[in-house]
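The values are calculated or read from the model by the stated rules, or taken from the named source; none is laboratory data. This structure is a prediction, so every number in the text was calculated from the model and none was measured. Heads up, the Cβs are rebuilt from the backbone with ideal geometry, glycines too, and the neighbour counts pull from every protein chain shown. When the accessible area is computed, the model is the full protein with side chains, heavy atoms only, and any ligands, DNA or RNA have been set aside. Shrake-Rupley method; radii C 1.70, N 1.55, O 1.52, S 1.80 Å.
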Amino acid sequence: MAGPNVVGQWIEIKAADGGKFRGYFAVPAAGKGPGIVLCQEIFGINAYIREVADYYAEEGYVVLAPDLFWRLDKNVELGYTEDDWKKAFDYFQRFDTDKGMEDITAAVRVLRTRTEVTGKVGALGFCLGGRLAYLAAARSGVDCAVGYYGVTIDQYLKEAAKIKVPMVLHFAANDKYAPPETVEKIKAAFKGRPEIEIYVYPGVDHAFARTGGMHYDRPASMMAHSRSIALFRKVMGPHYDLSALWEQHTLHEFGTRDVDATMKTMVAEPYVNHIPTLTGGVGHEQLKRFYKYHFIPKTPKDTKLIPISRTIGADRLVDEMLFCFTHDIEIDWMLPGLAPTGKYVEIPLVAIVNFRGDKLYHEHIYWDQASVLVQIGVLDPKGLPVAGAETARKLVDENFPSNMLMKNWASSEGKS
């Protein structure tokens, strides 16, 4: 998930009732940020939980994942084999929730005293940790909480009234550990509380966000992460000027045409996907190769980006624009293999840009390829439901005639 700019280490936490235990501590490249206490699954502070910690550090947070099984065994770190599952369930059954919450509260206190933490502290948890993040909102003095497929939250609904901070809970529709009837009870407990957001993801199962897991579902995981980040950004920050970051990126793509400067605006392992033509690159090396040889030098010099609208969310930006150019060179990324025609093209284009912290993570770029082909004269629109430059005109002038491609449009004239 995370790039090399994240620095993770183990630190010591003092328990409220005596004793010491460790926690994985991840700091963003900036060296500071709001804090998040990360509540583990039943497998301990394993590679996945450390990956999540690094991921959120890359998003700009100082993350502490306390080892909550330390009272049962030291340094529990399990995988997902059959034997590991048996051990994990044994730990889960013997886990003392109240003591675990004392340890989470201790971790929150540590975060609030660290010089790296600026401002507020939130809680984030998965599975067992989803329940603990919920309880952290009630008991540990956090400023907000996010829980993924928290188990047995319904057994702690008496504490719902104690929760005075914003919270997001994610559930899987096919989760036998948190079935629909359980989720409905949780929803009922927070009815009339708009600051408590509860989302159910259809067609997915428990642990849908665990990368590499048998139930991992990338679309649901991406949607859930955006909703989680939206809460953390709203309550704690950090706040980034995504519009300025995007404009800096496009300046280097189309203005200075500087490949290295373009790459510096992105995370360590970004990706770009031009949907209509399957062009772009995944990872630093492939994307740099794409930009250096097939995008920046293969974009016409007279290219213009005319903005139509811009929508900015917590972790992404959506740009609607007119993309205008003269087809005077072979455009590898848009019209691969087609010799220059000299034709002028105006095409509506949408860019959906995802950020991780203050860097671009990925771009999904959409346009109507048929309209481009019509405009350069290689696709005859006669008899086909496609249009040329009319698509651009219609975008900027809603009074441009509608339904001209519909042969049956006249048949409804005068009908009520």
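Would you please name the residue that is least open to solvent (accessible area, probe 1.4 Å), looking only at residues in segment 275-294 that are at positive phi and in a loop (DSSP other than H, G, I, E, B)?
Here the residue is G283.
How about segment 1-100: which strands (runs of 3 or more DSSP E) wholly inside it have at least 1 residues that are hydroxyl-bearing (S, T, Y) and open to solvent by 30 Å² or more (accessible area, probe 1.4 Å)?
none
So which of D217, D241 ends up being under 17 Å from the mean Cα position of the chain (by Cα) and free of Cβ contacts under 8 Å to residues at least 12 places away in the same chain?
D241
List the number of the failed condition for M266; all other conditions in (1) touching a Cys at 6+ places or on another chain (Cβ under 8 Å); (2) closer than 16 Å to Y361 by Cβ; (3) not aromatic (F, W, Y) hold.
(1)
Which one of these is under 16 Å from Y134 (Cα atoms) and of a type in the set (S, T, Y): T211, T182?
Going through T211, T182 in turn, just one is under 16 Å from Y134 (Cα atoms) and of a type in the set (S, T, Y): T182.
Is one or more of the residues making up segment 133-149 more than 27 Å from H215 (Cα to Cα), open to solvent by 60 Å² or more (accessible area, probe 1.4 Å) and either in contact with a Lys or Arg (Cβ under 6 Å, 6 or more places away or on another chain) or in a helix (DSSP H, G or I) (or both)?
Yes, there is a match, as at least one residue in segment 133-149 is more than 27 Å from H215 (Cα to Cα), open to solvent by 60 Å² or more (accessible area, probe 1.4 Å) and either in contact with a Lys or Arg (Cβ under 6 Å, 6 or more places away or on another chain) or in a helix (DSSP H, G or I) (or both).
Which of the residues spanning segment 265-306 are in contact with an Asp or Glu (Cβ under 6 Å, 6 or more places away or on another chain) and hydrophobic (A, V, I, L, M, F, W, C)?
Within segment 265-306, just V272 meets the criteria.
Restricting attention to segment 390-416, which residues are surrounded by fewer than 16 Cβ atoms within 10 Å (Cβ to Cβ) and among the small types (G, A, S)?
Correct list: S402, A410, S411, S412, G414, S416.
Any residue in segment 211-220 that is open to solvent by 30 Å² or more (accessible area, probe 1.4 Å) and outside any loop (DSSP other than H, G, I, E, B)?
Yes, there is a match, as at least one residue in segment 211-220 is open to solvent by 30 Å² or more (accessible area, probe 1.4 Å) and outside any loop (DSSP other than H, G, I, E, B).
Inside segment 158-187, can you point out the residues that are of a type in the set (A, V, I, L, M) and open to solvent by 40 Å² or more (accessible area, probe 1.4 Å)?
Passing the criteria: only A161.
Can V76 be described as farther than 21 Å from T118 by Cβ and in contact with a strand residue (DSSP E or B) (Cβ under 7 Å, 6 or more places away or on another chain)?
Taking the combined requirement at face value, the residue satisfies it.
Based on this model, can you work out whether I331 counts as closer than 20 Å to V372 by Cβ and touching a Lys or Arg at 6+ places or on another chain (Cβ under 7 Å)?
yes
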